[in-house]
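Engineer: What follows is a structure written as structure tokens; I'll ask about it next.
The values are calculated or read from the model by the stated rules, or taken from the named source; none is laboratory data. Everything quoted here is computed from the prediction, not taken from an experiment. FYI the Cβ positions are ideal-geometry reconstructions off the backbone, even for glycines, and counts take in every protein chain you see. To get the accessible areas, we keep the full protein, side chains included, count just its heavy atoms, and leave off ligands, DNA and RNA. Shrake-Rupley method; radii C 1.70, N 1.55, O 1.52, S 1.80 Å.
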Amino acid sequence: MLKGIPKIISPELLKVLAEMGHGDEIVIGDGNFPGQSVNKNCIRCDGHGVPELLEAILQLFPLDTYQKPVYIMAKTPGDTVETPIWDEYAKIIKPHTDEEIEQIERFKFYDRAKEAYAVVMTGESALYANVILKKGVVK
């Protein structure tokens with residue numbers, strides 16, 4: 001065990017976060033996200049939701065200050081599903097960046113996930129709960 005590491009961060013996830021460099025991206029996917037299909041570096045965090053993983057990762061991971069650091073999957077046009085989880089993300093992310101969260105169209109999000117350093121799969125049941133974080137410089 002290590003001190004100061006949130007208990008929700010598995011050894012595998014900690015290794016990936018440490019390996020990532022400035023500008024690398026990590027996807028935190030909800031329970032419906034096709035993580036294994038889009039990225040071979042897929043970490044399972046079943047049983048956990050995105051908000052608690054987001055909070056834990058941001059304790060260890062600086063967000064980029066040179067480019068937009070946070071992206072979410074936009075709702076498909078015409079979809080009327082509510083997305084209150086986005087408000088939760090904004091509250092979690094606010095202390096870490098002044099940048100607004102940017103929405104990305106679903107298939108562009110998938111394409112970006114293919115290029116991400118890793119995908120973290122969660123058990124999150126909220127729809128459109130997928131988020132991408134761009135790592136910043138550790139000072």
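Engineer: Within the range 13-30, can one find any residue that is assigned to a loop (DSSP other than H, G, I, E, B), more than 15 Å from the chain's Cα centre (by Cα) and at negative phi?
Structural biologist: Yes: one or more hits.
Engineer: Inside the range 64-121, can you point out the residues that are exposed (fewer than 10 other Cβ atoms within 10 Å of the Cβ) and in a helix (DSSP H, G or I)?
Structural biologist: Residues satisfying the conditions are Asp87, Pro95.
Engineer: While we're here: Do you know which residues across the range 4-48 are among the polar types (S, T, N, Q) and more than 18 Å from Val131 (Cα to Cα)?
Structural biologist: The initial filter retains those residues of the range 4-48 that are among the polar types (S, T, N, Q), namely 10, 32, 36-37, 39, 41.
Across the range 4-48, the qualifying residue is only Ser10.
Engineer: Now a separate question. Return the pair list, or none, for Cβ contacts closer than 6 Å from residues in the range 71-92 that are more than 16 Å from Gly29 (Cα to Cα) to residues that are open to solvent by 20 Å² or more (accessible area, probe 1.4 Å), at least 6 apart or on different chains.
Structural biologist: Every condition considered, the pairs that remain are Thr76/Arg106; Val81/Leu127; Ile92/Glu55.
Engineer: So the check is Cβ under 9 Å with 6+ separation or different chains; which pairs have a first residue in the range 94-110 that's at negative phi and a second one that's hydrophobic (A, V, I, L, M, F, W, C) and at pLDDT below 95?
Structural biologist: Pairs that qualify, where the first residue is at negative phi and the partner is hydrophobic (A, V, I, L, M, F, W, C) and at pLDDT below 95, are His96/Phe61.
Engineer: Follow-up. Quick check, is Ala56 in a loop (DSSP other than H, G, I, E, B) and surrounded by 14 or more Cβ atoms within 10 Å (Cβ to Cβ)? So that I can check it myself, show each step before the final result.
Structural biologist: Details: in a loop (DSSP other than H, G, I, E, B): no; surrounded by 14 or more Cβ atoms within 10 Å (Cβ to Cβ): yes.
Answer is no for this residue.
Engineer: If only one of Asn32, Asn41 is among the polar types (S, T, N, Q), over 17 Å from Tyr117 (Cα atoms) and touching a residue at least 40 places away in the same chain (Cβ under 8 Å), which one is it? Full working, then the answer.
Structural biologist: Values: Asn41 fails: over 17 Å from Tyr117 (Cα atoms).
None of the others qualify; the one that does is Asn32.
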